[in-house]
Ligand code: URP
Ligand code: ZN
Ligand code: ZN
């Protein structure tokens, strides 16, 4: 019997184990894992000597081709999934947005069309709900059945995305009924809006006022409220882009009480801080995203949160806007700067470098944070998120000792700056397989637009 592909000489790292073995792939799936698998009839042999062989990264928080702040995020489903692949991410969960007056179905159809024929790797959707009448309440069940088993709600952005507590609670009750997960943007949008209006009235229009008008207390309060509402509704809740210790403490308390409360953070909150916004002129706009960057001491708390399982996932919240022409929309008023930053490409390197080489956690925990737990929490496991017989052959050959300097000059995201410009990271993606096809071959793109498939996700069943 022959195999389509064999990966030899590597060290397999999963969320639980580290061992030397080969991986055999046929028809896009892993068919054998073992010592010295027979290579005679293998069509392709990949040498992973000196590398770790890990499950493809899963980024559960991206915004591709997303209209926002008077413009559209700069990466579409082709450029975004391609950049993700360069960095070892083989599955994205993006957001289909329901605008007021629309059905959830319309949102899902719209985003399916955006991705169709473009994605180079697999993708799925959460649905953002901005208005919830009887029609949309009923549709939540339909969407869960069709594989859109999580919903993002906003406690911020009044007048655009923000929902009141009653609507949030109704959505949570419905999610609990159908096995859906609620993803929450937890910031107190009402209080923030007052601070924003006051800053503008005082003539404070520079980018750093975006951060200074969004205090950590506003994130902590909303995180606590989201958890309380979810507890009353009996729903699981997942706090997205958690940025600070105030919010982290609320998640820790909830988890200590045994609640199904989860949270992700993102590389920007682990590697950057408010100090990055103390730059001349308009440069700080590169770091205008929500929640904003925090005082530096929060970084260590977040790394600890990842190590101690207060935080379960690292995603990117990739929402790229070019500095020229897009960020510049807010040159005279920070509230007009499109919110978001680019990051889908460097998540694995930034977390391996800071987390594993930085002595914060093991390589197994790294795999758990960037691949396995995302798959489990969002209904993709064991098809995705591990290296096991029967799983999709989404595999990354990752050189843990290679170094790279991150730069907009060399990255593959369709955006004219990097938030991490000049940062040296240790741990680099070399070769990437998506359902058995090599899409990055020793740093070169060999994939194809349209090869990525929509993934119907299972209902919520916990993280273990
Ligand atoms: O600034 C951000 N985070 N932009 C994307 C939208 C969101 O809130 O996740
Ligand atoms: Zn958000
Ligand atoms: Zn986001």
> So for the pair residue 278, residue 160, with labels modelled 7 Å out along Cα→Cβ, what separation do we get in nm?
Replying inline: 2.8 nm
>> Let me check the size of segment 397-464 from its C-alpha atoms; what are the radius of gyration and Dmax in Å?
In response: 15.8, 42
> Once the piece of chain linking residue 9 and residue 410 is laid out straight, how much longer is it, given 0.36 nm per residue of separation minus the C-alpha distance between them?
Replying inline: 141.4 nm
>> Please compute, for the alpha-carbon atoms of segment 356-430, the extent along each of the three principal axes and give them in descending order in Å.
In response: 39, 31, 21
>> Students often check this: by mean Cβ neighbours within 10 Å, which of 143-152, 20-29 ranks highest, and how do the rest follow?
In response: 143-152, 20-29
> Which three extents, in whole angstrom, do the alpha-carbon atoms of segment 133-214 cover along their principal axes, largest first?
Replying inline: 50, 20, 16
>> If I stretch the segment between residue 323 and residue 197 completely, what's the gain in nm (0.36 nm per residue apart, minus their alpha carbon distance), one decimal?
In response: 42.9 nm
>> Quick check: the distance between the Cα centres of segment 429-458 and segment 73-114, to the nearest angstrom?
In response: 17 Å
> Extension gain residue 458-residue 40, at 0.36 nm per residue separation less the Cα-Cα distance, in nm?
Replying inline: 146.7 nm
> Roughly speaking, what is the centre-to-centre gap between segment 196-221 and segment 334-379 when only Cα atoms are used, to the nearest Å?
Replying inline: 27 Å
> When N is the residue count of segment 96-249, what does its C-alpha Rg come to as a fraction of 2.2 N^0.38 Å?
Replying inline: 1.12
> Rounded to the nearest whole Å³, what is the per residue volume of the convex hull around the Cα atoms of segment 56-377?
Replying inline: 120 Å³
> In what sequence do 111, 297, 303 fall when counting other Cβ within 10 Å, fewest first?
Replying inline: 297, 303, 111
> To the nearest 0.05, how large is the calculated FRET efficiency for residue 27 and residue 176 if R₀ is 35 Å and r is the Cβ-Cβ distance?
Replying inline: 0.40
> Could you state the principal axis extents of the C-alpha atoms in segment 334-464, from the largest down, to the nearest angstrom?
Replying inline: 41, 38, 31
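Read-outs: derived from the displayed coordinates by stated rules, not from any lab. All values reported here derive from a predicted model rather than from experimental measurement. Neighbour counts are summed over all protein chains in view; Cβ atoms, including those assigned to glycine, are modelled from backbone coordinates with ideal geometry.
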